[in-house]
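Trainee: A single structure is presented below for examination.
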Amino acid sequence: MADALGGEIGCTRPIAEEYHWLPEEHCIGLSGIQVKPDLYLGLGVSGQVQHVTGFRSAKVIAAVNKDENAPIFRTADFGIVGDLYDVVPKLIAEFKK
């Protein structure tokens, strides 16, 4: 998705500290970095305040989460309720058109 949009990848603290999928310097949030992108796209992110603090200055906030009650939807300008593994490939295909 980042490649399709010309963006960068960030993560939540558990992704870096617990799963070790990304280095800690990619953590966005209260104890991580603060970002102000034109578009923040949260994929599977619950939207806890510790993370939201790191991107709340984004121009547009969009989210994909399978939990329709996820807190991220209270912050997002746009949201899709769905499984990111189903939604993201479809979005990538649309962005590449």
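None of the figures in this text is laboratory data; all of them are computed from the coordinates on show. Small disclaimer: the values here were computed from a predicted structure and weren't measured. As a convention, Cβ positions derive from the backbone with ideal geometry for all residues, glycine included, and neighbour counts pool all protein chains shown.
Trainee: Within region 1-58, how many residues are aromatic (Phe, Trp, Tyr) and over 13 Å from the mean Cα position of the chain (by Cα)? Can you show your working first?
Mentor: Going through region 1-58, the residues aromatic (Phe, Trp, Tyr) turn out to be 19, 21, 40, 55.
Applying the additional criterion that residues be over 13 Å from the mean Cα position of the chain (by Cα) yields 19, 21.
Residues flagged as aromatic (Phe, Trp, Tyr) and over 13 Å from the mean Cα position of the chain (by Cα) within region 1-58 amount to 2.
Trainee: Same structure again: Residue pairs, Cβ under 7 Å, 6 or more apart or interchain, first in region 1-12 and more than 18 Å from residue 87 (Cβ to Cβ), second of a type in the set (Ser, Thr, Tyr) and exposed (fewer than 10 other Cβ atoms within 10 Å of the Cβ). List them.
Mentor: Sorted first by the residue in region 1-12, then by its partner, the list stays empty.
Trainee: I'd like to check which strands (runs of 3 or more DSSP E) are fully inside region 29-97 and have at least 1 residues that are touching a residue at least 40 places away in the same chain (Cβ under 8 Å) and surrounded by 12 or more Cβ atoms within 10 Å (Cβ to Cβ).
Mentor: By residue number, 39-43.
Trainee: If I ask for residues that are closer than 15 Å to residue 40 by Cα and of a type in the set (Asp, Glu), which ones from region 65-80 would you list?
Mentor: 77
Trainee: Going by what's in this entry, would residue 15 be described as of a type outside the set (Phe, Trp, Tyr) and out of contact with any strand residue (DSSP E or B) (no Cβ under 7 Å at 6 or more places or on another chain)? Spell out the reasoning first.
Mentor: Details: of a type outside the set (Phe, Trp, Tyr): yes; out of contact with any strand residue (DSSP E or B) (no Cβ under 7 Å at 6 or more places or on another chain): yes.
So residue 15 fits the description; yes.
Trainee: Hey, among 81, 64, which residue is under 18 Å from residue 1 (Cβ atoms) and under 12 Å from the mean Cα position of the chain (by Cα)?
Mentor: It is 64.
Trainee: Another question about this same structure. Which residues, counting only those in region 42-64, are touching a helix residue (DSSP H, G or I) at 6+ places or on another chain (Cβ under 9 Å) and either more than 17 Å from residue 9 (Cα to Cα) or hydrophobic (A, V, I, L, M, F, W, C) (or both)?
Mentor: Result: 43, 45, 48, 50, 52, 55, 61, 63, 64.
Trainee: For region 1-28, which positions are over 19 Å from residue 71 (Cα atoms) and in a strand (DSSP E or B)?
Mentor: Taking region 1-28 and keeping what is over 19 Å from residue 71 (Cα atoms), we get 1-9, 16-26.
Passing the criteria: none in range.
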